[in-house]
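Below: the structure, in structure tokens.
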Amino acid sequence: MKICYVYAHPEPKSFNGALKDTALVALKEKGHEVKLSDLYAMKFDPVLKASDFPERKNSEVFNPFFEAIKASKTGAFAPDIREEMEKVKWADLLIFQFPIYFTSMPAIMKGWIDRVLAPGFGFNPVTNSAYDTGLFKEKSSMLVTTTGAPKEMYSEGGVHGDLNKHLEAITHCIFEYMGMKVLPSYIIYEASSISKEKGAEEFEKYKQRLLGLGADVV
Ligand SMILES: Cc1cc2nc3c(=O)[nH]c(=O)nc-3n(C[C@H](O)[C@H](O)[C@H](O)COP(=O)(O)O)c2cc1C
């Protein structure tokens, strides 16, 4: 399987860093091909801007939506966006791994989504290409995330509410919107205060989840 692994954590020696390293070894061991986008290490620029579109449709007023729709037809995006788009086009499965920041993904990853999964690329409201007719129907996606808070706080009836519900802003409104099949999110709660022993158990469990990838992917 071809996997694009989009990863966002600013510290390689973190729990997330070790989790990502575990994943890369496991996926390669299983014979999958993996392309990594390590966003902080790449210093990926998350800022959507006029220079993302070298062949502007309207050079007077910058309308990112219409510029993206037009650029998607010609491929005229900035080189850093084009490079990431090639990984997405190539992949059968997109895995997004990140620590929860304010109940969502870190801003650098949201910026990657804004710039790379651009209007016209994964979806196109102008041609009604979304959900069942989304442009990424041949792809699957999965979120892998860690929290500081315990599971009880992020459960239904807990102070924050069910984390899976919050993540629907990504899994449903972005990935399913683009036609992708969404695999269940893989969540490790209380990662910031995890013991070495429990951490090692979590790495093993995650490894087994990844080794089991197969029939559940489109
Ligand atoms: C800016 C910021 C915002 C955070 N927001 C949340 C949050 O909303 N909920 C939560 O459970 N943890 C939150 N955390 C804690 C991180 O999710 C937690 O430290 C991380 O998942 C632990 O993994 P790590 O050791 O690899 O960093 C936040 C941390 C930072 C730096």
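Coordinate-derived values only; no laboratory data. What you see is a predicted model, and the numbers here were worked out from it, not measured in a lab. Ideal geometry is used to build each Cβ from the backbone, glycine not excepted, and the neighbour counts take in all protein chains shown.
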Once you sort the root eigenvalues of the Cα gyration tensor of region 147-218 as a ≥ b ≥ c, which label holds: rounded (a/c under 1.5), prolate (a/b larger than b/c) or oblate (the other case)?
oblate
Per DSSP H run of at least 4 residues, take -39500 (n - 2.57); add these up for the chain, divide by its residues and hand me the 222 nm value, nearest 500 deg cm²/dmol.
-10500 deg cm²/dmol
Prolate/oblate/rounded call for the chain, Cα gyration tensor, a/c under 1.5 rounded
prolate
Could you put 51, 192 in order, starting from the residue whose Cβ has the fewest other Cβ atoms within 10 Å?
51, 192
In what sequence do 126, 34 fall when counting other Cβ within 10 Å, fewest first?
126, 34
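Given the peptides 117-123, 89-95, arrange them by the average over their residues of other C-beta atoms within 10 Å, most packed first.
117-123, 89-95
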Can you give the angle from 0 to 90° between the axis of helix 79-90 and the longest principal axis of the chain, with both taken from C-alpha atoms, to the nearest 10?
60 degrees
Most mobile of 178, 142, 153 in a GNM of the chain (Cα contacts under 10 Å)
153
For region 185-197, take each phi angle, set θ = phi - 60°, evaluate the Karplus expression 6.51 cos²θ - 1.76 cosθ + 1.60, and give the result in whole Hz per residue in order, putting x for glycine and proline.
5, 9, 10, 10, 7, 6, 5, 5, 10, 6, 7, 4, 5
Among 5-15, 57-67, what's the highest-first ranking by average C-beta atoms within 10 angstrom per residue?
5-15, 57-67
